[in-house]
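S.K.: This is the structure I want to talk about, given as structure tokens.
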Amino acid sequence: RVDSNGFASELAAFEAAFDKPVLLKGMIINWIIPFVAHTLKKVLFLHVTRDPLYNAQSLLESRLNYFGTIDTWYSFKPPEYRWLKHGSPCTQVAGQVFFTNDAVSRGLASIDPAQWIRVNYEDFCEDPEAVFNAIGEKFEQQGILREWCYRGPKRFDRSNRLRIGADDKDAILKAYDECAQGRAAQYEKEPN
């Protein structure tokens, strides 16, 4: 029960007030991308991906920084939270990364390719101008003329440095693989 027209109107008013496009971190919509794509005709989803190990490590660190412990869940909960909550913190963050990325990928696969782009974090750090230009091309595919050029730095330093112990690293990688294998088995069982 969402006021789709109201949602679109509010975003349009925000855009008009500043005379600029609106950029939002869309964590709340990770599981409803097709709905948002249908509601907002001129939209571009950026799916920023990162090496899952470093993504999971970042979640562990956020738990520690925010709560003082790695035992408390941090950020949005995928539907699989029901069973992830019973796992170790390493299992939880590995599953959180896997299932969130999986949901976003499935959502994007069901909408117009002109409405989304996948951006690899490591590639972005290495060549942000190329990513900027790829985003501009997606806008052009939607009939949005871009009248801007890249003025940012040539590159960014990556923060992909292992800051967890070997046991936690191994536990995250193992749990991530188990999530992927479980999802693959689920897809095999589903009718076409």
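The values are calculated or read from the model by the stated rules, or taken from the named source; none is laboratory data. Note that the coordinates shown come from a computational prediction; the quantities given were computed from them, not determined experimentally. Heads up, the Cβs are rebuilt from the backbone with ideal geometry, glycines too, and the neighbour counts pull from every protein chain shown. All accessible areas refer to the heavy atoms of the entire protein, side chains included, with ligands and DNA or RNA removed. Shrake-Rupley method; radii C 1.70, N 1.55, O 1.52, S 1.80 Å.
S.K.: DSSP loop GluC sites (Glu not before Pro) in the stretch 76-156 with at most 14 other Cβ atoms within 10 Å of their Cβ, which ones?
M.R.: E147
S.K.: Over the chain, give the accessible area per residue in Å² for a 1.4 Å probe, as an integer.
M.R.: Spelled out: the 1.4 Å probe surface of the chain, per residue, equals 65 Å².
S.K.: Return one number: the angle in degrees, 0 to 90 and rounded to the nearest 10, between the long axis of the Cα atoms of helix 166-189 and the longest principal axis of the Cα atoms of the chain.
M.R.: With rounding to tens, the tilt is 70 degrees.
S.K.: Packing-wise, with mean Cβ within 10 Å as the measure, how do 106-113, 85-92, 13-20 rank, highest first?
M.R.: The packing order, highest mean first, is 85-92, 106-113, 13-20.
S.K.: For K41, go through the lysines and keep the ones whose alpha-carbon is under 26 Å away, minus same-chain ones fewer than eight residues off.
M.R.: Filter leaves K20, K25, K138.
S.K.: Still on this structure: Quick check: with the 1.4 Å probe, what order do L64, L145 take by accessible area, largest first?
M.R.: Sorted descending by solvent-accessible area, the residues read L145, L64.
S.K.: A follow-up question, please. Which FRET efficiency value, to the nearest 0.05, is calculated for K41 and V119 with the Förster distance at 30 angstrom and r the Cβ-Cβ distance?
M.R.: E between K41 and V119, to the nearest 0.05, is 0.85.
S.K.: Say each of A109 and K77 gets a label point 7 Å from the Cα, pointing the same way as Cα to Cβ; how far apart are those two points in nm?
M.R.: 2.7 nm
S.K.: First select every other residue whose beta carbon is under 9 angstrom from the beta carbon of I117; then total the charges, Lys and Arg +1, Asp and Glu -1.
M.R.: +1
S.K.: Give me the net charge for the shell around K85: Cβ to Cβ below 14 angstrom, other residues only, Lys and Arg +1, Asp and Glu -1.
M.R.: Result for the local shell: +1.
S.K.: Taking the 0 to 90 degree range and rounding to the nearest ten, how far is the long axis of helix 52-67 tilted relative to the main principal axis of the chain, both from C-alpha atoms?
M.R.: The angle comes out at about 80 degrees.
S.K.: Let me ask something else about it. With a ≥ b ≥ c taken as the square roots of the eigenvalues of the C-alpha gyration tensor of the chain, please select rounded if a/c is under 1.5 and otherwise prolate if a/b is larger than b/c or oblate if it is not?
M.R.: Note, shape of the chain comes out prolate.
S.K.: Is there a quick way to get the dipole size of the stretch 10-136? I mean about its Cα centre, with the Cβ of Lys and Arg at +1 and of Asp and Glu at -1; what is the value in debye to the nearest 20?
M.R.: About 540 debye.
S.K.: Have a look at G68, P34, I172 and report the one farthest towards the positive end of the charge dipole of the chain, computed about the Cα centre with Cβ charges (Lys/Arg +1, Asp/Glu -1).
M.R.: G68
S.K.: For the stretch 1-109, I need the span (max minus min coordinate) of the C-alpha atoms along each principal axis, in Å, sorted largest to smallest.
M.R.: 45, 28, 27
S.K.: Just to verify a number: FRET efficiency for E178 and H86, C-beta to C-beta distance, R0 = 22 Å, to 0.05?
M.R.: 0.95
S.K.: Also, I was wondering about something else. Can you run phi through the Karplus equation (6.51, -1.76, 1.60; θ = phi - 60°) for the stretch 109-120 and list ³J(HN,Hα) in whole Hz, with x for Gly and Pro?
M.R.: Those phi angles translate into 5, 9, 10, 4, x, 6, 9, 8, 8, 9, 10, 7 Hz.
S.K.: Whole-Hz Karplus ³J(HN,Hα) for the stretch 121-126, in order, using 6.51 cos²θ - 1.76 cosθ + 1.60 and θ = phi - 60°, x for Gly and Pro?
M.R.: Those phi angles translate into 3, 5, 5, 4, 4, 6 Hz.
S.K.: What is the extension gain from V2 to S159, computed as 0.36 nm multiplied by their sequence separation minus the C-alpha to C-alpha distance, in nm to one decimal?
M.R.: 52.7 nm
S.K.: Using modelled backbone amide H atoms (1.01 Å from N, in-plane), which distant-in-sequence or interchain residues come within less than 5 Å of T49's amide H?
M.R.: Correct list: V119, N120, Y121.
S.K.: As a test of the formula, what do you get for the chain when each DSSP H run with n ≥ 4 contributes -39,500 (n - 2.57) and the sum is divided by the residue count, at 222 nm and rounded to the nearest 500 deg cm²/dmol?
M.R.: About -18000 deg cm²/dmol.
S.K.: Using only the alpha-carbon atoms, how far is helix 4-18 inclined from the longest principal axis of the chain? Give it as 0 to 90 degrees, nearest 10.
M.R.: Rounded to the nearest ten degrees, it is 70.
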